[in-house]
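The values are calculated or read from the model by the stated rules, or taken from the named source; none is laboratory data. This structure is a prediction, so every number in the text was calculated from the model and none was measured. All Cβ positions, even for glycine, are placed from backbone atoms using ideal geometry, and neighbour counts span all protein chains on display. Side chains included, ligands, DNA and RNA excluded: accessible areas come from the protein's heavy atoms. Shrake-Rupley method; radii C 1.70, N 1.55, O 1.52, S 1.80 Å.
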Amino acid sequence: METRRRIPPGHRSITGALPSRFPSGHLPFESKLEMDFLTLLQIDNGIHDVVTQPTTLQLKVDGQARTYTPDVLVSWHSAMPRPFPQRQVMFEVKPLSVLREQRASLWPKYRAAKRHLARMGIGYRVVTERTIRTPRLANAELIAPVMLQPQDREMIKRVRALVRHKGPKRLGEIRLRLEDEGAIRGSIMEAAYNLIGLRRLLCDLDAPITDETVVTWWVDAALEEIFDGT
């Protein structure tokens, strides 16, 4: 495998670099769909690192030498649950219409890449807007930017206190309670989104996050004190 490819500025598609919480830093992308996929990855706490355009593969496709650069390499923490058997998975991000229109030329290359990476113990998946543009993406667009910002620690403590000792709450209940105490709505919701992103507040991320979303604390308060040594 060759080293990662640099993404040049695009003239017909959206290109840029997405700030990230991962060790590799900013994540270059070359389409809106790829940016959306990278945003989704930011709220998966099992992920250790993400690299875009990670390497160029030297393949044999139908007997001919071909080069191919997958879009994204994702590495999960070894001790965390992950959605695939492999700890590392390469992803190709493509619109469904392109896959259908260019099936004859794309799929032989993708099958060769899957075989090549399997010999290295790396998984391979092709993803489209069907699995990317879901309610979870809308939630990730709320949560991911907040996780990269400095946080109001006092507000986080106040949100935490309402749920940790008093059981499941609707987000709207938390917001109204703290607004009644003089807190600013934006600060309340940023603290809540940050705790959801860290998986300290648990909720269904595959359903839209609204005032009706019920959140629970990640672990029993008494058990948390044991973990924290308090």
The range 106-151: translational diffusion in µm²/s, Stokes-Einstein, Kirkwood Rh over Cα pairs, 4 °C, 1.567 mPa s: 96
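Would you calculate a helix-derived [θ] at 222 nm for the chain, using -39,500 (n - 2.57) for each DSSP H run of n ≥ 4 and dividing by the full residue count, to the nearest 500?
Result for the chain: -12000 deg cm²/dmol, rounded to the nearest 500.
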Theoretical FRET efficiency, 1/(1+(r/R0)^6), r = Cβ-Cβ of His48 and Leu96, R0 35 Å, to 0.05: 0.75
Over the range 24-98 - Rg/Rh using Cα atoms and the Kirkwood inverse-distance radius: 1.01
Within the chain, percent of DSSP bridges classed antiparallel, to nearest 5: 80
Estimated vicinal HN-Hα couplings, Hz - the range 163-172 in sequence order (Karplus 6.51, -1.76, 1.60; Gly, Pro = x): 9, 4, 9, 10, x, x, 9, 6, 4, x
Carbon plus sulfur fraction of accessible area for the chain, probe 1.4 Å, in percent: 53
Antiparallel content of DSSP bridges confined to the range 45-172, in %, to 5: 75
Over 27 Å (Cα to Cα) - which of Lys32/Lys114; Lys32/Lys109; Lys32/Lys60; Lys94/Lys114 fall in this group: Lys32/Lys60
Lys157/Thr55 FRET efficiency (R0 35 Å; Cβ-Cβ; nearest 0.05): 0.20
The range 21-157 pair-distance distribution - Cα-Cα, 10 Å bins, rounded %: 11, 38, 34, 13, 3, 1, 0
Long-range amide H partners of Gly16 with built H, under 5 Å: Phe29
Amide H partners (placed H, <5 Å) of His48, local residues excluded: Ser75, Trp76, His77
In sequence order, calculated HN-Hα J values of the range 100-107 (Karplus, 6.51, -1.76, 1.60; Hz; x Gly/Pro): 6, 5, 10, 3, 4, 8, 7, 5
Near-label residues of the range 72-108 by backbone N, under 14 Å of a point 7 Å along Cα→Cβ of Ser31: 72, 91-103, 106-107
Difference of contour (0.36 nm per residue) and Cα-Cα distance, Ala104 to Arg87: 3.1 nm
Eligible lysines near Lys166 by straight Cα distance, threshold 17 Å, same-chain separation 8 or greater: Lys157
Label corresponding to semi-axes √(5λ) of the Cα gyration tensor in Å when calculated from the structure given, among [x] 30, 23, 16; [y] 54, 22, 14; [z] 40, 19, 15: [z]
